[in-house]
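Accompanying notes for the structure given below.
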Amino acid sequence: KQWYQRRVRGMATTRDRTRIIHGPQHKLRTNGGRDPETGRKVFMCRGGGADRQMREVMAHRVTPEARAGQIIKYRVLQIQQCDVRNADLALIAGPTVEYIIQPEGLEVGDIVETGWDQLGSLTPGCSYPLRLLPIGIKIHAVEQYPSSGSRFCMAAGSSCEVLQHTTARDKTLVKYPSGVSQWLESDCVATIGRIKQTTRALEIRGSWKVSRAMGIKPRRNRQRKKNWRKRKMRHRMDQKWAKRLDRYFSDRPWAGQEHFVPETYERFRYFFGDRKPQYYMRRIRQRDPEVIAQINKRKMEPREEKKYQCSYETLTDQRTEVFWQKRQRWRLWKERNREKK
């Protein structure tokens, strides 16, 4: 039995009791969140669900007959819902029976056209290369490369816009729903019109049963561990210091030499306060070993000759915060020794 023949027993119908004519479709096979080659779990909370039929949308609208110079016409037979996509599909019949995405204004009985060299009707659902379309028209199901099949703008309620053509009509500037504009080759095929918005694209799942029917499993029960708030705050602090380290080591090849490069001492304190980079070397080593290799290579280079035999702080008569902290630690150490005696 061919896929376009009507089923007699258990025939599917729409809400108004009209018989559904089945176009090209196949049963949707899911992997349950597992990689098809390795079998390992890649996406969590996926698996099960009701059987769904994947209706095969006509990706290549321009057929060899249309490229020969003809304008191919199709008539819309039915508007059907898709189990997988959030946009409705229109079943069209012409040389073949195919599915296309339903744009706004396309109803049962309408005729859609496809051309390659000449522009026919500009009604929603007609497909032409970008070089034939006027500037400012709304389009959908746009190809990324010529003859690659419709790729962009396939969701309900979305549309692209033709902004500009080059003088030679070899490139076309297309604005995507995100607001990004891109130059595409003018031989890329697009369909006229904005995709019709559906309530299915906006509905909220009100029950866990709906999620399970869609193949969405519940998250595993996560139990709170001991001192979880403290662990969370410590993790946030680690993240903050990792960001500072990344910023610090990205454009400073002298990192790790702050003890003898006086010009960079204040910059180091601006990023890290009184902390030393040795405290975070282990984290950086796990994060980016190339940076550590650069630092070690720089450390092994011969140092510049000292112009002065004293430290930078003594030369400039500065008393930094680190200096006072060292003095305070020395005082405490002296007091402890006195108490022991």
> Name the residues in the stretch 199-228 that are open to solvent by 90 Å² or more (accessible area, probe 1.4 Å) and in a helix (DSSP H, G or I), would you?
Replying inline: T199, W208, K209, R212
> How many residues, within the stretch 15-64, are out of contact with any Asp or Glu (no Cβ under 9 Å at 6 or more places or on another chain), more than 21 Å from R212 (Cα to Cα) and either among the aliphatic types (A, V, I, L, M) or free of Cβ contacts under 8 Å to residues at least 24 places away in the same chain (or both)?
Replying inline: 14
>> Among the numbered criteria (1) of a type outside the set (V, I, T); (2) under 27 Å from the mean Cα position of the chain (by Cα); (3) modelled with pLDDT of 90 or more, which one does D170 miss?
In response: (2)
> Filter the stretch 128-151 for residues that are open to solvent by 50 Å² or more (accessible area, probe 1.4 Å) and part of a strand (DSSP E or B); which is farthest from M58 (Cα to Cα)?
Replying inline: K138
> What pairs can you find where one residue is in the stretch 161-185 and at positive phi, the other is open to solvent by less than 70 Å² (accessible area, probe 1.4 Å), and their Cβ atoms are less than 7 Å apart, with a gap of 6+ or different chains?
Replying inline: R169/R131; R169/S186
> Would it be correct to say that A190 is under 28 Å from E107 (Cα atoms), open to solvent by 10 Å² or more (accessible area, probe 1.4 Å) and either modelled with pLDDT of 95 or more or touching a Ser or Thr at 6+ places or on another chain (Cβ under 8 Å) (or both)?
Replying inline: no
> Can you name the residue in the stretch 98-127 that is over 29 Å from the mean Cα position of the chain (by Cα) and assigned to a strand (DSSP E or B) and, of all such residues, is surrounded by the most Cβ atoms within 10 Å (Cβ to Cβ)?
Replying inline: V112
> For the stretch 26-65, which residues satisfy the criterion of being within 24 Å of the chain's Cα centre (by Cα), charged (D, E, K, R) and not in a loop (DSSP other than H, G, I, E, B)?
Replying inline: R34, K41, R46
>> Looking only at the stretch 80-97, filter to residues that are β-branched (V, I, T) and either modelled with pLDDT of 95 or more or farther than 18 Å from L202 by Cβ (or both); which one of those is least open to solvent (accessible area, probe 1.4 Å)?
In response: I92
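Within the stretch 163-187, can you find the residues that are open to solvent by less than 50 Å² (accessible area, probe 1.4 Å) and either under 18 Å from I101 (Cβ atoms) or outside any strand (DSSP E or B) (or both)? Spell out the reasoning first.
Restricting attention to the stretch 163-187, the residues satisfying the condition of being open to solvent by less than 50 Å² (accessible area, probe 1.4 Å) are 165-166, 172-174, 176, 179, 184, 186.
Selection gives T166, V174, Y176, G179, S186.
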> Which is over 27 Å from the mean Cα position of the chain (by Cα), at pLDDT below 60 and open to solvent by 80 Å² or more (accessible area, probe 1.4 Å), of D251, D274?
Replying inline: D251
>> Being part of a loop (DSSP other than H, G, I, E, B) and either closer than 22 Å to P134 by Cα or in contact (Cβ under 8 Å) with a residue 60 or more places away in the chain (or both) is the filter here; which residues of the stretch 66-97 pass it?
In response: G69, Q70, I71, Q81, R85, N86, A87, D88
>> Need the failing condition index for R231 against (1) within 30 Å of R34 (Cα to Cα); (2) outside any loop (DSSP other than H, G, I, E, B); (3) open to solvent by 80 Å² or more (accessible area, probe 1.4 Å); (4) not aliphatic (A, V, I, L, M), just the number.
In response: (1)
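The values are calculated or read from the model by the stated rules, or taken from the named source; none is laboratory data. Quick caveat: nothing in here was measured; it's all calculated off a predicted structure. Ideal geometry is used to build each Cβ from the backbone, glycine not excepted, and the neighbour counts take in all protein chains shown. The protein model used for the area step is the full one, side chains on, heavy atoms only, and it has no ligands, DNA or RNA in it. Shrake-Rupley method; radii C 1.70, N 1.55, O 1.52, S 1.80 Å.
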